[in-house]
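Trainee: Here it is, the structure, as structure tokens.
The values are calculated or read from the model by the stated rules, or taken from the named source; none is laboratory data. The shown structure was predicted, so the numbers you read here are calculated from the model rather than taken from an experiment. Positions of Cβ are backbone-derived with ideal geometry, glycine not excepted, and every protein chain shown enters the neighbour counts.
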């Protein structure tokens, strides 16, 4: 929440080092206006994003997650974004089973030269999350910690 009582979402962004992270940099250096709701994390390739990172971000308080990489066919690791598409489809199915709306986790593409597209994507997603309201997963599932089971097994 902001100071005036309106909801300000927190969006965690997993951005490809070679394209989307550089598009974010271009948007910033070009002084393109977009909401300051994104907490970006640079990853080498969207194809290397472990889906549990997305679940962990939501569990730790994010209202949404943006996964952004190179356009299909333009991956610096050849097929990473195709792998991301397949993983995203499976992740979306899991999130639906958990009752999480599709708009909360999104996959988009932006090349290093597409700062405008990056800024527009963040602004659009921010508005969608504002309409949905806060996820508040930690309060809804207070005793759910996927790592607690793993730690108990290894003790």
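Trainee: Check region 2-25 and report whether any residue there is part of a helix (DSSP H, G or I) and surrounded by fewer than 17 Cβ atoms within 10 Å (Cβ to Cβ).
Mentor: Within region 2-25, one or more residues are part of a helix (DSSP H, G or I) and surrounded by fewer than 17 Cβ atoms within 10 Å (Cβ to Cβ).
Trainee: Being in a helix (DSSP H, G or I), within 10 Å of the chain's Cα centre (by Cα), closer than 12 Å to residue 107 by Cβ and modelled with pLDDT of 95 or more is the requirement here; does residue 54 meet it?
Mentor: Against the criterion (in a helix (DSSP H, G or I), within 10 Å of the chain's Cα centre (by Cα), closer than 12 Å to residue 107 by Cβ and modelled with pLDDT of 95 or more), residue 54 qualifies.
Trainee: Please list, ordered by first then second residue, the pairs with beta carbon atoms under 6 Å, 6 or more apart or interchain, first in region 44-57 and on the phi < 0 side of the Ramachandran plot and surrounded by 21 or more Cβ atoms within 10 Å (Cβ to Cβ), second assigned to a loop (DSSP other than H, G, I, E, B) and modelled with pLDDT under 95.
Mentor: 45/77
Trainee: Please verify whether residue 110 is free of Cβ contacts under 8 Å to residues at least 40 places away in the same chain, buried (at least 19 other Cβ atoms within 10 Å of the Cβ), in contact with a strand residue (DSSP E or B) (Cβ under 8 Å, 6 or more places away or on another chain) and at negative phi, treating the condition exactly as stated.
Mentor: So residue 110 does not fit the description; no.
Trainee: Any residue in region 30-43 that is assigned to a helix (DSSP H, G or I) and closer than 15 Å to residue 135 by Cβ?
Mentor: In the first step, residues of region 30-43 are kept if they are assigned to a helix (DSSP H, G or I); the result is none.
Among the residues of region 30-43, not one is assigned to a helix (DSSP H, G or I) and closer than 15 Å to residue 135 by Cβ, which makes the answer no.
Trainee: Please report, ordered by residue number, the helices (runs of 4 or more DSSP H) entirely within region 76-155 with at least 3 residues that are modelled with pLDDT of 95 or more.
Mentor: Numbers: elements: 80-97, 115-132, 137-140, 146-154.
In region 76-155, 80-97, 115-132 are the helices (runs of 4 or more DSSP H) which contain 3 or more residues that are modelled with pLDDT of 95 or more.
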